[in-house]
Amino acid sequence: MNIGITVYPTYGGSGIVGSELGRDLAERGHNVHFISSVLPTRLTELNDRIHFHEVEMMSYALFEHQPYDLALATKMATVARAEKLDLLHVHYAIPHSISAILARESIKQKRYVPVITTLHGTDITLVGADRSYLPITRYGLQQSDGVTAVSKFLKQATIETFDFDEIEVIPNFICEKHYKRLEGSPLRAELAPNGERLLVHVSNFRHVKRPVDCVEILANVRAEGQNARLVMVGDGPELSAVRYRGEQLGMNGNILYVGKQANIADYMGVADLFLLPSELESFGLAALEAQACELPVIATRIGGIPEVVTDGETGYLSDVADVEKMSRDTLALLKDEDLRRGFGEKGRELAVQRYSTSRIIPQYISFYEKVVNRSNAASA
């Protein structure tokens, strides 16, 4: 198949999933065309089956803000016709599904290109639920030829918010060869030169991720005599608050701020525990990636996380903002190496069993075929 994929190219779950989905589809013999403003973060190389089409913005004095959604729709229509795309798969409802639907309608007399929208979370739970965006988001869902969601939680949230239930749940996934434990890596010695235990947090450092809680957990753990360091991977608006709290607690000497990293598996693969104290996660992709690297996960019992992390087997779940319990759970795992390793091994086992590319990618391909066949039948 010839497949068009659009993602937000920045550091975030939807961009990661869309990029890795396209890469895996190409390895299976499909032609993938990424249509975006810049090359997605995880897309490190192009080849005969992976193509990139840049959305170019028009500069015109009349426009106070450049109309990206219209530029995207124009580029989608152009690529769909020129490359004879079989479908457009967009990640995130706003504005991508609307742009794709506009592109589809603008060329349908020449070629009908079905639109599949994948919901990742904040497009429904935050942006889409804003009253000003609700009608247009509902329209995008209703007019898509197929809709998927990355978790059962997100499907239910979509039903409740938009009264729309024609949704197939296809969860996020990991490449088991890429996400794995890295024994003997020199990065471990670099991050923990004195044999410190490594806690790691990966996010886009928005308030919803509660990264400051990670600093509180580190301070509590060290207060109990554990020689631990915290590795903060990523960047975002809350980073200054994290640094400030670290300074207040005297922890910045034990916190490593490594910024955005193209290969976060390197950091997860050498750490000891993963911290995810978010107040909202529609799936928890970072938790899944951590488990694949045999990291027990300390997280909150919200959204889709309980679908990924098994409480008491692959990690511990707590209420949002319950830093004291998360600190106790972290200490329990750091003090009992057999328990920590057992959680890590079980996490790896379940991650591969439930969420490996070999299990999830065929679900996408099957869904593609169903939508395309249904559209062809309707056209006939």
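The values are calculated or read from the model by the stated rules, or taken from the named source; none is laboratory data. A quick note: this is a predicted structure, and the numbers were derived from the prediction, not measured. Because the Cβ atoms are built from the backbone with ideal geometry, glycine has one as well, and the counts that use them run over all protein chains shown.
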Revision key, fill the gap. Restricted to region 304-330 and to residues being surrounded by 16 or more Cβ atoms within 10 Å (Cβ to Cβ) and hydrophobic (A, V, I, L, M, F, W, C), the residue nearest to Gly342 (Cα to Cα) is Val309
Practice item. Tell me, please, whether a residue that is touching a strand residue (DSSP E or B) at 6+ places or on another chain (Cβ under 6 Å) and more than 19 Å from Leu331 (Cβ to Cβ) can be found in region 213-226. Key: no
Review point. Just a yes or no: is a residue in region 274-286 aliphatic (A, V, I, L, M), surrounded by 23 or more Cβ atoms within 10 Å (Cβ to Cβ) and touching a Cys at 6+ places or on another chain (Cβ under 6 Å)?
Key: yes
Practice item. Just need a number here: residues in region 194-210 that are touching a strand residue (DSSP E or B) at 6+ places or on another chain (Cβ under 6 Å) and in a loop (DSSP other than H, G, I, E, B). Key: 1
Practice item. Looking only at region 233-244, decide whether some residue is in contact with a strand residue (DSSP E or B) (Cβ under 7 Å, 6 or more places away or on another chain) and under 22 Å from Ile174 (Cβ atoms). Key: yes
Revision key, fill the gap. The residue that is farthest from Ser19 (Cα to Cα), considering only those in region 128-173 that are in a loop (DSSP other than H, G, I, E, B) and among the aliphatic types (A, V, I, L, M), is Ala129
**Study point:** Residue check, Leu288 under 20 Å from Arg206 (Cα atoms), in the same structural domain as Asn220 (by TED's automatic domain parsing) and of a type outside the set (S, T, N, Q)
**Key:** yes
Review point. Which of the following residues is over 25 Å from the mean Cα position of the chain (by Cα), hydrophobic (A, V, I, L, M, F, W, C), in a helix (DSSP H, G or I) and modelled with pLDDT of 95 or more: Val352, Val372?
Key: Val372
Check your understanding: Does region 332-341 include one or more residues that are outside any helix (DSSP H, G or I) and of a type in the set (D, E, K, R)?
Key -> yes
